[in-house]
């Protein structure tokens, strides 16, 4: 770090700080992505339209604060479809589900509302397409993640999951010239690039999606961290421990040599982390609400970080429409007006 730091902020101006001033670099974009906003809105609209209870398979998004808030409004979160009473209304989480889950829902007579992120649905469609064309599929991602479970279910007989470069070496397929790869939407860009490179070395004729599967929000938040990591001694990422994209943000920071921590809220901050630190970068995973970011910023202000600069690295203005189940229901229940997606 130099003794005087010049930093671009969102309006294009520059702010000069002295070595004695402590500041927060508040990254933008941060927090909720379009898929998360859509999923949360779906649960809220369903509760307002149909009333409680509304069942939700798994966490609607991977953030404990959001899940607790929706539970207080009447959402009941269950682990599996079998936990939903026959004939009741259930919402699939933003991470998507396998065809087997859809079949079980149909067999139980459940009223389904699908909150799967459209970018996850894109990967599902690609999996079906490649499988029908006779390809062996390599799905890059974390085996225990809900998204991988759902995508794997589209073509389980021809799909193998790899989580790192080392696992690529052990792959065996019927025809090395008929292999395709797909990725989880919330991976580290660098990690995915390394695994894809290893796959191309092992299977020179491997094919992939026309556009990358890693979603815009995951990429943008990683780019933002990469852009400011060298201007900060510490990066704080607001997000839950089971949030893949939040964990990846911490990894990006640490890979660049800057200390990074994943925190649920300000209470998770160890005061010792701030000792000798002048510049703290703050961001949030795609499922973390802004109220938690504000909580962290207020904590830092109270601990001497009086300057807060919002650093916009990548403009972001993406919105997704509501699913037909919600649109049709709103139109058929008392003429209720649809709630716009933020």
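Nothing in this text is a laboratory measurement; each read-out follows from the coordinates by a stated rule. Since we're looking at a predicted model, the values are computed, not measured. Every residue, glycine as well, gets a Cβ built from its backbone with ideal geometry; the counts of neighbours run over all protein chains shown.
Cβ-to-Cβ counts within 10 Å put 79, 145, 197, 210 in ascending order as 210, 79, 197, 145, the fewest first.
The fraction of Cα-Cα pairs per 10 angstrom bin, counted from 0 for the range 216-342, comes to 12, 38, 26, 13, 9, 2 percent, rounded to whole percents.
How far, in degrees from 0 to 90, does helix 118-132 lean away from the longest principal axis of the Cα atoms of the chain, to the nearest 10? Result, in degrees: 50. Taking every C-alpha pair closer than 8 Å and separated by at least 6 residues, the mean separation divided by the residue count of the range 233-318 gives a relative contact order of 34 percent. In the range 35-117, Cα pairs under 8 Å separated by at least six residues give a relative contact order of 34 percent.
Looking at the chain, the pairs of alpha carbons with a distance over 33 Å make up 35% of the total. Residue 104 to residue 314: FRET efficiency via 1/(1 + (r/R0)^6), r the Cβ-Cβ distance, R0 45 Å, to the nearest 0.05? Computed FRET efficiency for residue 104 and residue 314 comes out at 0.65. Against the longest alpha carbon principal axis of the chain, how many degrees, from 0 to 90 and to the nearest 10, is the axis of helix 216-228 turned? Long axis of 216-228 versus the principal axis of the chain: about 20 degrees.
Just need log10 I(q)/I(0) for the range 147-275 at q = 0.14 Å⁻¹, Debye formula, equal scatterers on the alpha-carbon atoms, no solvent, rounded to two decimals. Results for the range 147-275 at q = 0.14 Å⁻¹ read -0.72.
Angle between the Cα long axis of helix 189-202 and the longest principal axis of the chain, 0 to 90 degrees, nearest 10? Between helix and principal axis, roughly 50 degrees. Would any residue of the range 42-67 have its amide N under 16 Å from a label point 7 Å out along Cα→Cβ of residue 267? List them or say none. Answer for the range 42-67: 64-67. Take each peptide in 178-187, 279-288, 158-167, count the other Cβ atoms within 10 Å of every residue, and average; sorted highest first, the result is 279-288, 178-187, 158-167. Shape summary: the range 35-117 maps onto an equivalent ellipsoid whose semi-axes, from the alpha-carbon gyration tensor, are 18, 14, 11 Å in decreasing order.
Each of 226, 30, 193 was scored by other Cβ atoms within 10 Å of its Cβ. Listed from fewest to most, they are 193, 226, 30. When only Cα pairs below 8 angstrom with a gap of at least 6 residues are kept, the chain shows a relative contact order of 25 percent. If the chain linking residue 72 and residue 122 were pulled fully straight, counting 0.36 nm for each residue of separation and taking away their Cα-Cα distance, it would gain 14.8 nm. Residues of the range 187-208 falling in the label zone of residue 170, defined by backbone nitrogen less than 17 Å from a point 7 Å along Cα to beta-carbon, are 195, 199.
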